[in-house]
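Read through the structure below, which is laid out as structure tokens, and then see the notes.
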Amino acid sequence: MLDKVIPGASFEQATCEYAVASQPLPGISADLKIFGGEAGTAEATAWFESEKQAAGQLGGGVDNAEIPDLADGAVALYREPVLYLTARSGNACVSVGFRPGVEAARTFDKLHPLQQQLPALTAVMKDVLTSLT
């Protein structure tokens, strides 16, 4: 997939998973890609733009929104049962996925589930981005 979006690009990747040991939900995962070299920022931008475009094309049952004033660009989407927030900052792309518990998901607005979840997702993403510096 990477070679189709950015031929010849390479990156370092790390994934962190957070969950309560006795329960699989709720859970948070953070996937970090850092593109290196002089082209790192351009490559990260191309990857982020491809992710943003894909989010906008998912269609029925998926809520998505661009997030202003977060990093160099950010987009969120809800594809049941997971809320995602992807952001680009410099030469890094970070995706945070949140799998809420069943009880919490029942409270989501069925037409626009992201709207009520964006403040919490944005706070998590800011924590992740701050930890990169």
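Put a plus charge on the Cβ of each Lys and Arg, a minus charge on the Cβ of each Asp and Glu, and nothing anywhere else: the dipole of segment 57-100 about its Cα centre is then about 180 debye. Using a 1.4 Å probe on the protein chains only, how many percent of the accessible area of the chain belongs to carbon and sulfur? The C+S portion of the solvent-accessible surface of the chain is 54 percent.
Taking Cα centre as origin and charging only the Cβ of basic (Lys, Arg, +1) and acidic (Asp, Glu, -1) residues, the dipole magnitude of segment 74-133 rounds to 100 debye. Can you give the net charge of the other residues whose Cβ lies under 14 Å from the Cβ of Gly90, counting K and R as +1 and D and E as -1? Summing Lys/Arg as +1 and Asp/Glu as -1 gives -2. Each peptide in 115-125, 26-36 gets a packing score, the mean of other Cβ atoms within 10 Å over its residues, and the list from highest to lowest is 26-36, 115-125.
Against the main long axis of the alpha-carbon atoms of the chain, helix 113-132 sits at an angle near 40°.
Here the dipole of segment 18-130 is about 300 debye; that uses its Cα centre as origin and unit charges on the Cβ of Lys and Arg (positive) and Asp and Glu (negative). Angle of helix 40-56 to the longest C-alpha principal axis of the chain, folded into 0 to 90 degrees and rounded to 10: 40°. Mean separation of Cα pairs under 8 Å and 6 or more residues apart, divided by the residue count, gives the chain a relative contact order of 22 percent.
Got a sec? Charge dipole of the chain, +1 on Cβ for Lys and Arg, -1 for Asp and Glu; which of Pro81, Leu70, Pro119 is way out at the positive end? Ranked along the dipole, the leading option is Pro81. Accessible area per residue for the chain is 58 Å², calculated with a 1.4 Å probe on protein heavy atoms, without ligands, DNA or RNA.
For the chain, lysine pairs with C-alpha atoms less than 24 angstrom apart, excluding pairs fewer than eight positions apart on the same chain, total 6.
Shape analysis of segment 43-92 based on the Cα gyration tensor places the equivalent ellipsoid semi-axes at 20, 11, 8 Å, largest first. Extension gain, Val62 to Arg106, is 14.2 nm, computed as 0.36 nm per intervening residue step minus the present C-alpha separation. With the dipole of segment 9-52 worked out from charges on the C-beta (+1 for Lys and Arg, -1 for Asp and Glu) around the Cα centre, which of Ala9, Ala42, Ser22 lies farthest toward the positive end? About the Cα centre, the residue reaching furthest to the positive side is Ser22.
The values are calculated or read from the model by the stated rules, or taken from the named source; none is laboratory data. All of these numbers come straight from a predicted model, not from anything done at the bench. Methodologically, a virtual Cβ is constructed for each residue, glycine included, from the backbone with ideal geometry; neighbour enumeration extends over all protein chains shown. Note: accessible area is taken over every heavy atom of the protein model, side chains too, but ligands, DNA and RNA are not part of it. Shrake-Rupley method; radii C 1.70, N 1.55, O 1.52, S 1.80 Å.
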